[in-house]
Amino acid sequence: MSTETLVELFEHGLDAPICLTWELTYACNLACVHCLSSSGRRDPGELSTAECKAVIDTLERMQVFYVNIGGGEPTVRPDFWELVDYATAHHVGVKFSTNGVRIDEAVARRLAASDYVDVQISLDGATAEVNDAVRGRGSHAMAIRAMEHLAAAGFRGFKISVVVTRQNAGQLDEFKALADRYGAQLRLTRLRPSGRGADVWDELHPTARQQRELYDWLCAHGEQVLTGDSFFHLAAYGEALPGLNMCGAGRVVCLIDPVGDVYACPFAIHENFLAGNVRAGGGFEAVWRDSALFAELRGPSAGGACGSCQFYDSCRGGCMAAKFFTGLPLDGPDPECVRGFGEQALAGQALAGADRTALPRPGLDHSHRGPVRGQARRGQAPRPVPVTIGRRPVPAPPDRACDINPLAGFAAGGTR
Amino acid sequence: MVNPGGLFDLDRPWRLDERVAVRPEPFGALLYHFGTRRLSFLKNQTMLAVVRSLGDHPSARAACAAAGVPPAGLPAYERGLATLAGSHMISPREAA
């Protein structure tokens, strides 16, 4: 067998992505405070039904096994089910993320009947109080209703997807119990300072102590709980969590956004991470194979400031998107470095009086402009969270795109 | 399946599960099972040849020999096949 590890092989990139995230629309019925893609309003330039089908044809040719469809809220696209059927008929499996708004009894029965469609219900609090503070009033009840329909229809093993925050980090056992009750599988992912998440990251990201408790909890639950490989920066605590524990950006994962732009990863909607557009000549295949950005991401990476750290081989410097949007150098520590180097770097910037307005901003913002049911108006919103700490100013954005992680739902040799 | 001793039965006929898609890659191949929604890897081209030809041979041992696996290398392939059987990527087939 090969002497190189899989991680080493994957770092050179694959002929086609393993995990492709495809956000079908920026339209959303909710206005979650931490939305990665700053969704809300549909973009007039979104791919048409025919263009989406052409992308699916390409994915079939490239043998992309499945796509993670998200948004926005993908099910509000009028052609959503048509595209799901088209994908599965063309041997491209679909896992879609939803807040549950369209999962009624009939839809649940239809989903339960297909091997090729998987559903992921987003929920960011085990209780309505915690969830709705982030996702909007009524969103907990909506998600629970969807889960009840799926369970009643006999859909086993759908996913309950939770972004771990300071407010829900104490509810892990409750989330697990909820998943068990509905015959679902729990999936925990990391809060990224991407999209609107950049505005609330300071108050929502788990404390150092919570991170440690999360790590211990994940170790205790092993492969029963999925993480999308999103907590690989915690591997520096000791034993690696299940998964590849590498940044897959441009190597094994990427994002196609609603207007066809291809980014290195779902957490990096910014021009520095933009590889091309599926509407260009060679389509998605040419972007994946020929983009200069992806070629750079697949090249060797040095550890930079982290290179001399004894834990670098475990955490690989953490998540590039998290560094980028908090204004940290891409070759330095992750803002949530378990040894505290990220916090030190952020504190150092604050002390140096760096200008917060120089923080890189997401490239696109489709946030609702007016009030959304269940959410206070943006900009004047009472913060959903009581804790408020000082804003960190930051230096100019790094000029080089780099590895970001999210092997969405992926574990080496095993589950996704 | 995998016998109680944890070893793989090299001498019975096997086949790739029909719900598994195989995608060749420079290092070997990726396997994806649409039923279990699990992913696996084949770390080299020989393993890929073995897995793809399982259904054409009377035993896994014969498939390994046909793919050029030397006797000394067989235990590693046996372990790999046992892992694939454990995750239902390959399954026992009735002898023709």
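Of all alpha-carbon pairs in segment A:52-178, indicate the percentage at a distance above 25 angstrom. Walk me through the numbers on the way to the answer.
Details: 2245 of 8001 pairs.
Here the long-distance tail beyond 25 Å is 28 percent of all Cα pairs in segment A:52-178.
Could you state the per residue volume, in Å³, of the convex hull enclosing the Cα atoms of segment A:43-108? The partial results should precede the final answer.
Details: hull volume 5.9 nm³, N = 66.
Expressed per residue, the convex hull around the Cα atoms of segment A:43-108 is 89 Å³.
How big is the shadow of the Cα convex hull of segment A:152-203, averaged over all directions, in nm²?
Numbers: hull surface 17.0 nm².
Approximately 4.2 nm², given one-decimal rounding.
Taking the radius of gyration and the Kirkwood hydrodynamic radius from Cα positions alone, what is the Rg/Rh ratio for segment B:47-96, to two decimal places?
Working: Rg = 10.2 Å, Rh = 11.0 Å.
Checking Rg against Rh, the ratio lands at 0.93.
For segment A:236-299, divide the Cα radius of gyration by the Kirkwood radius and give the resulting Rg/Rh value with two decimals. Please report the intermediate quantities before stating the final value.
Values: Rg = 13.4 Å, Rh = 12.5 Å.
Result: Rg/Rh = 1.07.
Given N residues in chain B, what is its alpha carbon radius of gyration divided by 2.2 N^0.38 Å?
Working: Rg = 12.2 Å, N = 96, 2.2 N^0.38 = 12.5 Å.
Against the empirical 2.2 N^0.38 Å value, I get 0.98 for chain B.
Near residue A:159, which lysines are there with a Cα under 19 Å away, not counting those fewer than 8 places off in the same chain?
Those lysines meeting the cut-off are A:95, A:176.
Charges on Cβ only, +1 for Lys and Arg, -1 for Asp and Glu, centred on the Cα centroid of segment B:41-96; of B:83, B:44, B:69, which one is farthest towards the dipole's positive end?
B:44
Out of all Cα-Cα pairs in segment A:174-282, roughly what percent, to the nearest whole number, are more than 19 Å apart? Can you show the working numbers first?
Values: 3358 of 5886 pairs.
Within segment A:174-282, distances greater than 19 Å cover 57 percent of Cα pairs.
Using amide H atoms built in the peptide plane, which far-off residues or other-chain residues are under 5 Å from residue A:243 H to H?
HN-HN under 5 Å from residue A:243: A:412.
In sequence order, what are the phi-derived ³J(HN,Hα) couplings for segment A:59-65 according to the Karplus relation 6.51 cos²θ - 1.76 cosθ + 1.60 with θ = phi - 60°, rounded to whole Hz, with x for glycine and proline?
Computed from phi, the couplings for segment A:59-65 are 4, 5, 4, 7, 6, 6, 5 Hz.
Using the per-residue mean of other Cβ atoms lying within 10 Å as a proxy for protection, in what order, highest first, do the peptides A:291-301, B:51-61 fall? Walk me through the numbers on the way to the answer.
Numbers: A:291-301: 16.2, B:51-61: 17.9.
By packing density, highest mean first, the sequence is B:51-61, A:291-301.
Long-range amide H contacts for residue B:90: which residues qualify at under 5 Å (H placed 1.01 Å from N, peptide plane, sequence gap of 5 or more or a different chain)?
Under 5 Å from the amide H of residue B:90 lie the amide H atoms of B:17, B:85, each far enough along the sequence or on another chain.
For A:135, A:166, A:369, A:316, which order do you get if you count the other beta carbons within 10 Å of each Cβ and list the fewest first?
Details: A:135 28, A:166 17, A:369 11, A:316 24.
Least to most surrounded, the residues fall as A:369, A:166, A:316, A:135.
Between residue A:67 and residues 5 or more places away or on another chain, which pairs have amide H atoms under 5 Å apart, with H built 1.01 Å from N, and which residues are they?
Those qualifying (amide H under 5 Å, at least 5 residues apart or on another chain) are A:93, A:94, A:95.
Arrange A:355, A:365, A:202 by Cβ neighbour counts within 10 Å, fewest through most, would you?
Working: A:355 12, A:365 15, A:202 18.
Ordered by Cβ neighbours within 10 Å, fewest first: A:355, A:365, A:202.
Nothing charged except the Cβ atoms of Lys and Arg (+1) and of Asp and Glu (-1): what's the magnitude of the dipole of chain A about its Cα centre? Round to the nearest 20 debye. Let's see the in-between values first.
Numbers: 41 positive and 48 negative charges, 232 e Å.
Using Cβ point charges on Lys, Arg, Asp and Glu, chain A gives about 1120 debye.
Determine which residues of segment A:234-252 fall in the zone a paramagnetic label at residue B:79 would reach in this model, i.e. backbone nitrogen under 20 Å from the point 7 Å along Cα→Cβ.
Backbone N within reach: A:240, A:242-244.
Which three semi-axes in whole Å describe the equivalent ellipsoid of segment A:202-349, each the square root of 5 times a Cα gyration tensor eigenvalue, listed largest first? Mind dumping the intermediate values first?
On the way: eigenvalues 163, 63, 43 Å².
Each semi-axis is √(5λ); the values are 29, 18, 15 Å.
With θ set to phi - 60° and the Karplus curve 6.51 cos²θ - 1.76 cosθ + 1.60, what are the ³J(HN,Hα) couplings of segment A:86-103 in order, to the nearest whole Hz, using x for Gly and Pro?
Once θ is set to phi - 60°, the couplings for segment A:86-103 become 5, 5, 5, 5, 9, 6, 10, x, 10, 10, 10, 9, 8, 8, x, 4, 10, 8 Hz.
Between rounded, prolate and oblate, where does chain A land on the alpha carbon gyration tensor, with a ≥ b ≥ c its root eigenvalues, rounded for a/c under 1.5, else prolate if a/b exceeds b/c?
On the way: a/c = 1.30, a/b = 1.13, b/c = 1.15.
Rounded, since a/c falls under 1.5.
Run the quick spin-label model on residue A:128 and residue A:310: label points 7 Å from Cα toward the beta carbon, then report their separation in nm to one decimal.
5.1 nm
Output ³J(HN,Hα) for segment B:53-58: one whole-Hz value per residue in order, computed from phi by the Karplus curve 6.51 cos²θ - 1.76 cosθ + 1.60 with θ = phi - 60°, and x for Gly and Pro.
My calculation for segment B:53-58 gives 9, 3, x, 9, 10, x Hz in order.
Restricting attention to chain B, which GluC sites (Glu not before Pro) occupy a DSSP loop and are surrounded by at most 11 other Cβ atoms within 10 Å?
Details: sites: B:18, B:78, B:94; in loops: B:18, B:94.
Here the sparse-neighbourhood loop sites are B:18, B:94.
About the Cα centre, and with charges only on the beta carbon of Lys, Arg (+1) and Asp, Glu (-1), how big is the dipole of segment A:203-275? Nearest 20 debye, please.
Details: 3 positive and 9 negative charges, 31 e Å.
Rounded to the nearest 20 debye, it is 140 debye.
In chain A, with Lys and Arg counted as +1 and Asp and Glu as -1 at Cβ, which of these residues, A:205, A:312, A:221, has the Cα nearest the positive end of the dipole, that is, farthest along it?
Of the listed residues, the answer is A:205.
Bear in mind that the values in this text are calculations on the coordinates, not laboratory data. Because the structure is predicted, anything quoted here is derived from the model rather than measured. All Cβ positions, even for glycine, are placed from backbone atoms using ideal geometry, and neighbour counts span all protein chains on display.
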